[in-house]
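This report refers to the structure that appears directly beneath it.
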Amino acid sequence: MLNVICVCTGNKYHPIYIDNLKYMIDNFSNLKYDTFNVVLEDRHDGVFNKLQIFERFKKDYNIYFDLDVIIKGDCNNLITKELSVIYAWWRPAYHTPINSSIISWYGDNSFIYKHFIKEPDYYMTKYHKGMDQYLSENHEYNFFECSSRMEFGNICSYQTITDELDFNVYLFNQRYKIMQNPGWYSRYLLPQFQSHWQYCQDEYQLLPSPPV
């Protein structure tokens, strides 16, 4: 059994990003999954809400995706038994070595969340670089074998490579608003995704000016 998971808490991402992720998974990833799951409970600050996935999904194979990714090819090689994350080769050396835009694991890894929830305020303050830093400095993990810069053809970051090359997944890494504008990636998006944002802009332009 395979569970696909995403997290949409707070007001950063419009729900259409959820529909868009599911569309890309259904049409381009070749993943044969059993459940598509969205974590909505806003328990913690920002990215630390992602840690809930380890509490909630403790059986079977699980794969988590950030909402700001472009999926354009097969993702079956990202299904792993051991806890696996992306090697963030595009980041400066002083940053964390991992990126958690995609996380894969099998079975019960709830100890990761249990460890965090003992002192959540302490960890959220200490690890100011975010959940990636918390995970990399407190728990064991593997890198996806395909995520090394030298192994061309699977995952990259839009921060580093903006042209469409032979990667199956592009991580937009907080540049999620770029996805709202036309680009080479448009053909992989939910058909109404970008038109939704144009509609919002048009509606905004039609609003009367606020009183002075």
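The values are calculated or read from the model by the stated rules, or taken from the named source; none is laboratory data. Since the structure is predicted, the reported quantities are computational estimates derived from the model, not experimental observations. Side chains included, ligands, DNA and RNA excluded: accessible areas come from the protein's heavy atoms. Shrake-Rupley method; radii C 1.70, N 1.55, O 1.52, S 1.80 Å.
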Here are some pairs, 58/126; 32/81; 50/126; 50/72; 22/126; 58/177; which of them have Cα atoms lying more than 25 Å apart in this structure? 58/126; 22/126; 58/177
Three-way shape call for region 72-123 based on the alpha-carbon gyration tensor, with the a/c threshold at 1.5: oblate
Where a ≥ b ≥ c are the square roots of the eigenvalues of the C-alpha gyration tensor, would you call region 17-168 rounded, which needs a/c under 1.5, or, failing that, prolate if a/b is larger than b/c, or oblate? oblate
Given the protein chains as shown and a 1.4 Å probe, how many square angstrom of residue 54 are accessible, to the nearest 10? 0 Å²
Less than 16 Å apart at the alpha-carbon level, and either on another chain or at least 8 residues along: which aspartates and glutamates does that give for residue 129? 45, 121, 137
Which aspartates and glutamates have a Cα less than 12 Å from the Cα of residue 59, not counting those fewer than 8 places away in the same chain? 108
May I ask what percent, to the nearest 5, of DSSP beta bridges between residues of the chain are antiparallel? 45 percent
